[in-house]
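I have placed the structure first, in the form of structure tokens, so that the comments after it can refer back to it.
Computed from the coordinates by the stated procedures, all read-outs in this text should not be read as laboratory data. Model, not experiment: these values are computed from the prediction. Here Cβ is always computed from backbone atoms with ideal geometry, including for glycine, and neighbour counts include all displayed protein chains.
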């Protein structure tokens, strides 16, 4: 009897093994875990690294047999707390100021020297600040434009017009000195008056509304809350068609909140296009301190300051070397700003480079960088 019972148990054990679940069974989409252990929780998604709105880097290197010290400022324009603003010395078309004074007045996170200027500090080309034009375009130099958290370069011309209803009147110059023929616009940054001694047609605009159109025989006051439109012609001027109470706006060929006309082009489509000479910077074959502005992508702006004229520390670069360095930093488009003793960068209220004159130089314009809200960790 015991033998029969053992045989039955043995056969039952074999039957269970044969008919039990197979490890080779193909799982379906609805299958759960194969074991009875509790399923391990899904790993938490790794948060994307936070990109700082302003990143400063100091780089020392040996370049083509010479020591160079680079100062790189990379800006994330996609950050809504970041503002990059071209500014004039003392907020006026005429005048000069130390970069440290500009930085302090604007309580900036960083400030870098901008481009070139005419006598008395007058900008050498287009300046647009917070949608307001302060100086019109000149024939030479590439234009940096910033709008909607994006940056790009444009080439002259850059058309500016007056829009009154369905009428568009081209503007020939903004804040010119000395005055010239054509349709001219004068803003308060020019000074208290338009400085025109003699008869001229003038339209006074306040808050974009025409206040008056008349023939003036002497200087005309520029309103704090508006601008003047001037034409040296006394007859046949298109300004005579403007009426009191009519709305007039200054419009651009390309919408831009900020704009600044640089000097010559250094990098285009990732290619070194630097020349041997520049209309403003002069001989680019000479190694000297230099400042440039470039774009890595539409939302990443780069300022580069290279120290120079200091053997054993940093000798400076030529135009072509400057372009090569920008390309090595990932810049695809770039233009030159003022250099020499004007090359200067302030970060966290400190002059981080070594100006070649051993001290600050008076400048006519600059770029300020500010981060609103909570300031960066220092």
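Worth pointing out:
- Contact order relative to length of the chain, as percent, for alpha carbon pairs under 8 angstrom and 6 or more apart: 23
- Peptides 147-159, 116-128 ranked from most to least packed, by the mean per-residue count of other Cβ atoms within 10 Å: 116-128, 147-159.
- The chain: calculated mean residue ellipticity at 222 nm from DSSP helix runs of at least 4, using -39500 (n - 2.57): -3000 deg cm²/dmol
- Full extension of the chain between residue 272 and residue 78 yields a length gain of 67.2 nm, computed as 0.36 nm times the residue separation minus the alpha carbon distance.
- Shape parameters for segment 219-378, alpha-carbon atoms, Rg then Dmax in Å: 21.0, 66
- Per-pair calculated FRET efficiency, R0 = 41 Å: residue 313 and residue 251 via Cβ, rounded to 0.05: 0.25
- Note on residue 150 and residue 52: the extension gain reaches 33.6 nm, defined as 0.36 nm multiplied by sequence separation minus the Cα-Cα distance.
- Mean Cα-pair separation over length for segment 161-252, i.e. relative contact order, pairs under 8 Å, 6 or more apart, %: 33
- Going through [x] 63, 47, 40; [y] 137, 61, 36; [z] 64, 59, 37, the figure that equals Cα extents along the principal axes in Å as computed for the structure here is [y].
- Segment 212-289 and segment 151-202 have Cα centres separated by 7 Å.
- Packing here is the average count of other Cβ atoms within 10 Å per residue, and on that basis the peptides 90-96, 207-213, highest first, run 90-96, 207-213.
- Crossing angle, helix 319-328 versus the chain [Cα axis fit, 0-90 degrees, rounded to tens]: 30
- Residues 173, 328 arranged by fewest to most Cβ contacts within 10 Å: 328, 173
- When you restrict to C-alpha pairs under 8 Å that are six or more residues apart and normalise by the size of segment 163-210, the relative contact order lands at 23 percent.
- At full extension, residue 168 and residue 62 could sit 32.6 nm farther apart than now, given 0.36 nm per residue minus the alpha carbon distance.
- The Rg/Rh ratio of segment 161-252, with Rg taken over Cα atoms and Rh as the Kirkwood radius over Cα pairs, comes to 0.91.
- Helix axis angle, 2-19 relative to the chain longest principal axis, alpha carbon, degrees: 20
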